[in-house]
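These notes are about the structure you will find just below.
The values are calculated or read from the model by the stated rules, or taken from the named source; none is laboratory data. In this text the structure is predicted, and so the values were computed from the model without any measurement. Quick reminder, even Gly has a Cβ in these numbers, built from the backbone with ideal geometry, and neighbours come from all protein chains shown. All accessible areas refer to the heavy atoms of the entire protein, side chains included, with ligands and DNA or RNA removed. Shrake-Rupley method; radii C 1.70, N 1.55, O 1.52, S 1.80 Å.
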Amino acid sequence: MRIIESVSGMQSAADEFRASGRKIGLVPTMGYLHEGHLELMRTAAEQTDVVVTSIFVNPTQFGPGEDLERYPRDFDGDVRKAGGVGVGVIFAPTAEEMYPSGFQTRVRVERVTRHLCGLSRPVHFEGVTTVVCKLFHCVKPDVAVFGEKDFQQLVVIERMVTDLNMDIRIVGVPVQREPDGLAMSSRNAYLSPDERRSALSLFKSLELAKRLYKDGERSARMIRTAVLELISSHPFTSVDYVELCDSGSLESVEFLEGKTLLALAVNVGRTRLIDNCTLGS
Ligand code: PAF
């Protein structure tokens, strides 16, 4: 396992891998790795010859008052976990290395960023696409793997890759869950035991929506109301959004026809959690 901190070091290593005919798989992360991340790395390892994981808590995707300073970090633990699933390189640049003085470029995807998390986190996706674009130029991957828990992020990155003709295959991996159904997230570490119990309302509400859909309910308003009621009946929860939308454009729908995304963002105490599922096919 190699740990590389400089952009030039990472680019040289990528050139070496490519020159020897090895396919590169990239798993971008902000660290504090959990089983969900490890599944992304296993997927990358199945499809490529060398897996690079980036660990970088990207300041440009956090808005004022968000959790940049308290974002959990455990670099030594991350190195151990990534090594255990066959990661060959950890790319761990500093903020100064990624955003040296004079930096002034942004990558912005337009329409699909205007819904869901884009409404309450106005600078978030511009920060994500800018850093992911930079990571692509540093690591030069053939394949990049992202989790479907951040469904909108995946849609936004696929859009960027298509629109900017990036020769990279984007792979999405289904949401990984704890045994009781809570979606795995580094931010789960913030939850107190009582909040952790209330956080299960996200998963329970997705299951409720699936049951309603199976029983023939096709009104987005009815499903949304049932989901809102279930979540709001749990203490510490405050809903940011519950949306039923087209899984490609992310535009809201009134009636469910074809594949519909049910996406949730809920504050549980001070912790903002997201989750989603698709209804229909
Ligand atoms: O999903 C994340 O952890 C981040 O948004 C990413 C893709 C690593 C960019 O900082």
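Some notes on this structure:
- Structure remark: mean-square fluctuation, Gaussian network model of the chain, C-alpha springs under 10 Å; the largest value among Asp180, Asp240, Asp167 belongs to Asp180.
- Accessible heavy-atom area order of His124, His115, highest first, probe of 1.4 Å: His115, His124
- Farthest toward positive dipole pole in the chain [+1 Lys/Arg, -1 Asp/Glu at C-beta], among Asn58, Tyr241, Val132: Tyr241
- Each of Thr271, Leu228, Leu261 was placed along the dipole of the range 221-275 (beta-carbon charges, centred on the mean Cα), and the one lying farthest toward the positive end is Thr271.
- Across the options Ala92, Cys117, Phe17, the greatest Cα extent toward the positive end of the charge dipole of the chain (unit charges at beta carbon of Lys, Arg, Asp, Glu) belongs to Cys117.
- With Cα atoms defining each centre, the range 227-281 and the range 79-119 are spaced 25 Å apart in the structure.
- For the options Arg114, Arg197, Arg70, a Gaussian network treatment of the chain with springs between C-alpha atoms closer than 10 Å singles out Arg70 as fluctuating the most.
- Estimated dipole of the chain in Debye, rounded to 20 [Cβ of Lys and Arg +1, of Asp and Glu -1, Cα centre]: 160 debye
- Each peptide in 129-139, 205-215, 86-96 receives the mean, over its residues, of other Cβ atoms within 10 Å, and ordering these scores from highest gives 129-139, 86-96, 205-215.
- Straight-distance crosslink candidates among lysines, where the alpha carbon sits under 25 Å from Lys149 and sequence neighbours closer than 8 are dropped: Lys81, Lys134, Lys140, Lys204, Lys210, Lys214, Lys259
- Given +1 at the Cβ of Lys and Arg, -1 at the Cβ of Asp and Glu and no other charges, the dipole of the range 146-216 around its Cα centre is 220 debye to the nearest 20.
- Per residue solvent-accessible surface (Å²) - the chain, probe of 1.4 Å: 47 Å²
- Protein accessible area in the range 157-281, 1.4 Å probe - carbon and sulfur %: 48 percent
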